[in-house]
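Enquirer: Sharing a structure below in structure tokens format, with a few things to ask.
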Amino acid sequence: MSAVKEEKLLPRSGKLREKRSQSGQPRQHSSSTSKTGAHPQVSPIITRKADRPAGAREAATGQPRRKVVYKVGANGVETRLPAIPILHFSWQWISGILAVLLFLFTIILINSKIFKVRALKVEGLTRYAEEEFQPLIKGRKTSLFLFNTNEVMKSLSLVYPELQDPQITIDMPNQVIISAVERQPIIHWQAGDGAYWIDAEGVVMAKRGEIEGLLYIESPVAPPLSETKNKPVSAVDYARMVIERKTGSLTNEDLVDRISNDVLQAVIHMSAIIPEGASLVFDPISGMGWRDPGGWEVFFGTDLSNIDFKQVEYQTILAKLVELGVTPAMISVEHVDSPYFRME
């Protein structure tokens, strides 16, 4: 049996040796090439990249992971825990964490009740109560960090134009403080529709409280103003004033009321020559004068450029009436060329 196999294998092995010997010999060129002596044509070598299989993937280049092996017992048995990624320090992490923390901190501050504005605090004002200023923040009781002081300042100037140098400051955690300088009145003007105070600059303001030593003037009308202003009597008028204030065409000087300069100078002049026991009076037609202790009134007008002559004329008329036994109700020397008196 083995002999038969050897006989079958020998021819086959011989064929293999013959093929190998033939492959080792150089190939014969064609007769046409050898005869002409031309160089053989060589085809260009083209290299192609093998297409990647559909399911193939590139090697992962993620973060390296640290292998952790836990020793179970003394017999050498170990177990492998899940791999822990190896993290590398980066300043971008720090900046990102700080940005997130700052954002959360800002939201907490804005929504915290501790920093919510509840009321206005008044400092430096003795004749004004805090309750008068609370309507200025109506609808603005929000976080102190979102509080608009400019809007409150504009409203304050519209409602209280007589205040000098008004300021609004913020005091943590939830205090809004209003401070200003109060004008000091020198004249108390008692009119039929109420009382007014007038300072040395002629600014007319509402009476607040009681102050001793003011120059008292009695009149049937309010103080005559140097310029008549349209007071806001409705929401439309108030909105118009707010718009004019925002556009810059309306200032504090435009909002305050000032007494006529002629009347103010007449009041100051008359206060220096008024008899003892008399009180100053003002009439819109006859001008400035006083009420004599004898019961009559005398008027000199508002032009006091010749007040000395008017006083002499008044004393002459009064002396003649006393000589006649007449007690007048009013004497007017407003016009030096045509003085007159009235009995009733």
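The values are calculated or read from the model by the stated rules, or taken from the named source; none is laboratory data. What you see is a predicted model, and the numbers here were worked out from it, not measured in a lab. Positions of Cβ are generated from backbone atoms using ideal geometry, with glycine treated the same way; all protein chains shown enter the neighbour counts.
Enquirer: Report yes if VAL263 is within 21 Å of PRO339 (Cα to Cα), in contact with a Pro (Cβ under 9 Å, 6 or more places away or on another chain) and either modelled with pLDDT of 90 or more or outside any loop (DSSP other than H, G, I, E, B) (or both), otherwise no.
Expert: yes
Enquirer: Looking at region 89-146, which of its residues are in contact (Cβ under 8 Å) with a residue 60 or more places away in the chain, over 30 Å from VAL181 (Cβ atoms) and over 23 Å from the mean Cα position of the chain (by Cα)?
Expert: none
Enquirer: Report, by residue number, each residue of region 316-334 that is surrounded by fewer than 17 Cβ atoms within 10 Å (Cβ to Cβ), of a type outside the set (A, V, I, L, M, F, W, C) and under 23 Å from GLU218 (Cβ atoms).
Expert: Scanning region 316-334 gives a single hit, THR327.
Enquirer: From the residues in region 92-134 that are among the basic types (Lys, Arg) and assigned to a loop (DSSP other than H, G, I, E, B), which one is surrounded by the fewest Cβ atoms within 10 Å (Cβ to Cβ)? Please lay out each step first, then the result.
Expert: First, the residues of region 92-134 that are among the basic types (Lys, Arg): 113, 116, 118, 121, 127.
Pick out the ones that are also assigned to a loop (DSSP other than H, G, I, E, B) and you get 118, 127.
Numbers: ARG118: 11, ARG127: 15.
My answer is ARG118.
Enquirer: Counting only residues that are under 23 Å from ASP199 (Cβ atoms) and touching a Leu at 6+ places or on another chain (Cβ under 6 Å), how many does region 130-154 have?
Expert: Adding up the residues that qualify gives 1.
Enquirer: If you don't mind, there's one more thing I want to ask. Can you tell me which residues in region 155-208 are among the acidic types (Asp, Glu), outside any strand (DSSP E or B) and either closer than 28 Å to ALA119 by Cβ or in contact (Cβ under 8 Å) with a residue 60 or more places away in the chain (or both)?
Expert: Within region 155-208, GLU162, GLU182 meet the criteria.
Matching residues to (1) hydrophobic (A, V, I, L, M, F, W, C); (2) under 30 Å from GLY209 (Cα atoms):
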site: PHE103; (1), (2): yes, no
site: VAL117; (1), (2): yes, yes
site: ALA129; (1), (2): yes, yes
site: ASN148; (1), (2): no, no
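Enquirer: Next question, about the same structure. Only one of these is over 30 Å from GLN164 (Cβ atoms), assigned to a helix (DSSP H, G or I) and either under 56 Å from the mean Cα position of the chain (by Cα) or at pLDDT below 95 (or both): TYR314, TYR238. Name it.
Expert: Answer to the check: TYR314.
Enquirer: Would you please name the residue that is surrounded by the most Cβ atoms within 10 Å (Cβ to Cβ), looking only at residues in region 268-299 that are over 24 Å from ASP199 (Cβ atoms) and among the aromatic types (Phe, Trp, Tyr)?
Expert: So, considering only residues that are over 24 Å from ASP199 (Cβ atoms) and among the aromatic types (Phe, Trp, Tyr), the one surrounded by the most Cβ atoms within 10 Å (Cβ to Cβ) is PHE299.
Enquirer: Among the residues of region 177-192, is any more than 30 Å from VAL263 (Cβ to Cβ) and in contact with a helix residue (DSSP H, G or I) (Cβ under 8 Å, 6 or more places away or on another chain)?
Expert: The first filter runs over region 177-192 and keeps only residues more than 30 Å from VAL263 (Cβ to Cβ), leaving 177-179.
If we keep only those that are in contact with a helix residue (DSSP H, G or I) (Cβ under 8 Å, 6 or more places away or on another chain) too, we end up with 178.
Checked region 177-192: at least one residue is more than 30 Å from VAL263 (Cβ to Cβ) and in contact with a helix residue (DSSP H, G or I) (Cβ under 8 Å, 6 or more places away or on another chain).
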